[in-house]
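Have a look at the structure below before the remarks.
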Amino acid sequence: MYSIRESTRRESPLQIESQEFRRLGYRLIDRIAEHLQELNTLRVSPGETPSRVREVIDGGRSLPQSGSDVGEILERAQRILFDHSLFNGHPRFWGYITASAAPVGILGELLAAAVNANVGAFRLAPAATEIESQTVRWIAELIGFPKSCGGLLTSGGNVANILCFLAVRARMGGTALRETGLSRPGAPVLRIYTSRETHTWVQKAADITGLGTEAVVWIETDEGLRIRTDLLKSRIQQDQREGLTPMMVVGTAGSVSTGAIDPLGELAAICRQEGLWFHVDGAYGAPAAAVPGVSTDLLALREADSVAVDPHKWLYAPLEAGCVLVRDPRTLPAAFSYHPSYYHFDEETTNYFDQGIQNSRGFRALKVWLALQQAGRQGYAKMIAEEIDLSRELFRSLAFYPELEAFTQGLSIATFRFCPSDLRDGRDEPEVSSYLNDLNREILNRIERSGEAFLSNAVIRESFVLRMCIVNFRTTREDVQRLPDLVLEVGRKADLELRRRLSCRI
Ligand SMILES: *Cc1c(COP(=O)(O)O)cnc(C)c1O
């Protein structure tokens, strides 16, 4: 007989009794709810030095030899994190492309950890596997990609893009390339075509796959920082004539710097004509395809062979969650499936270890699945459309401020800079333009230190500009309207001080 009586239970240093677990959990949830409620009254970033933060966490302390009271540890962790963190959920956080996390996603993470599903194999995570499959299909539906696609969740956009790259390499390079690598005599010399605006994942992918970063062919962009399709086409044909093997074209649906969208329909046509794989990096912009009336260039992402989407950006999932979508569901298993003797898994079911490079996998899909249901397609379309509108409003309002110079506006990204009135006419002269770069770099840092808002930057045709990217369902019109005055106030002061320091060379 097999029975474990209460009295024989093993004493574990990590055990928390049920009543205590409840008490600690309720208290934590109370504290999180308070935090979310008071977010807009907090500083966006703490503006503390690394040494100060290290001091707060007692960074020099050695590994504890014996255990401590779990309640006290949790209390301390809350204090540290709520008092010394940057809050990307703050309504005035507009840096990089980092989203406010949906509250339902926070709860989803807790629930996912409680079940601790290993979504590597169906047998280990039946419900979680099916939830992930459904989440992948829903993301496809949201952006207009065929529902019959394959795909899986990843840690983020980089990994999603790199997995697609690996899958394409496996497909275009054939079995020989996979078995003997690139060293085999006569191995194809693969080439990838993309614009300079493409995120750095493409260099990482070329590097770690052994192709080398020189396998990436950079195509010039037009005025709007979109890939030039005429140059692309002639370069592919030239490379074919020279015996190279063009493998894929990477188009971007929303570039990181300016939100530029490549002419995806034209790229799809070129890829069809020339027999290349068409990959779209939609890490930032793909969800905007759900907004009625968006550009046909963006909608053409549905013609791609593969798309990377980033639920931890415009689907507001807490970090981390990226997503791969492939038109042909056989693509991923063809690239990643190996079957050792100790794996006895049913062929009929989805086993995600066969679809990517991870073996054990967490349950990233749950938080995304929950948010997709809470907001629905319409809810997402509304939030994203509002954020695009807010960005456009800010951009238009810049015209009323002679010291603010507008640069670009695309999706929910606006770029601009502070340019003192007396420097306006000479702003293209090398010395002035270099001063303006220094000045705006200083303004960016001062805004961050002020804790009032958080921006990041872009470099557009050698100008260092301030960049505001709204992927934040908490941002209100009032938040946005306060920004120009903040930049003016910080900018005028910084300008005065910098000029004094340079003893008026400018
Ligand atoms: C954010 C982003 C990436 C990288 O995604 P991570 O989630 O940060 O790994 C790649 N491409 C584009 C266009 C992005 O916006």
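Values for this structure:
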item	result
Dipole axis of the range 120-202 (+1 Lys, Arg; -1 Asp, Glu on Cβ), positive-most option in ALA121, GLY173, SER148	GLY173
Exposure rank, largest accessible area first [ILE192, ILE261; 1.4 Å]	ILE261, ILE192
Translational diffusion coefficient (Stokes-Einstein; Kirkwood radius from C-alpha pairs) of the range 370-500 at 10 °C, 1.306 mPa s, in µm²/s	102
Accessible area of the chain belonging to carbon and sulfur atoms, whole % at 1.4 Å probe	51
Dipole magnitude of the range 1-110, debye to nearest 20 (Cβ charges: Lys/Arg +1, Asp/Glu -1, about Cα centre)	140
The range 286-292 - phi-based ³J(HN,Hα) in whole Hz, Karplus 6.51/-1.76/1.60, Gly and Pro as x	3, x, 5, 5, 7, 7, x
10 Å binning of all Cα-Cα separations within the range 382-433, expressed as whole percents from 0 upward	25, 41, 24, 9, 1
Charged-residue dipole, Cβ positions (Lys, Arg, Asp, Glu), the range 159-264 about Cα centre, Debye nearest 20	340
Sparse-neighbour loop sites [trypsin sites (Lys or Arg not before Pro); the range 73-110; at most 15 other C-beta within 10 Å; DSSP]	none
Solvent-accessible area per residue for the chain (1.4 angstrom probe, square angstrom)	50
Eligible lysines near LYS204 by straight Cα distance, threshold 22 Å, same-chain separation 8 or greater	LYS313
Within the range 115-201, trypsin sites (Lys or Arg not before Pro) in DSSP loop having at most 10 other beta-carbon neighbours inside 10 Å	LYS147
Vicinal HN-Hα couplings computed from phi for the range 332-339 (Karplus, 6.51 cos²θ - 1.76 cosθ + 1.60; Hz; Gly/Pro x)	6, x, 4, 8, 10, 8, 10, 10
In the range 375-481, trypsin sites (Lys or Arg not before Pro) in a DSSP loop with at most 13 other beta-carbon atoms within 10 Å	ARG424, ARG461
Sites SER421 and SER183, calculated FRET efficiency, Cβ-Cβ separation with R0 41 Å, nearest 0.05	0.10
Estimated [θ] at 222 nm from DSSP helical runs (n ≥ 4, -39500 (n - 2.57)) normalised by residues in the chain, nearest 500	-14500 deg cm²/dmol
Where TYR338, TYR401, TYR284 fall by accessible area, highest first, once all protein chains stay in place (1.4 Å)	TYR338, TYR401, TYR284
Dipole magnitude (debye, nearest 20) for the chain, charges at Cβ of Lys, Arg, Asp, Glu	440
Amide H within-cut-off set for ARG474, under 5 Å, with H built and near neighbours excluded	none
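The values are calculated or read from the model by the stated rules, or taken from the named source; none is laboratory data. In this text, all values refer to a predicted model and were calculated from it rather than measured experimentally. Neighbour counts run over all protein chains shown; Cβ positions are idealised from the backbone, glycine included. The accessibility values were calculated without ligands, DNA or RNA, using every heavy atom of the protein model including side chains. Shrake-Rupley method; radii C 1.70, N 1.55, O 1.52, S 1.80 Å.
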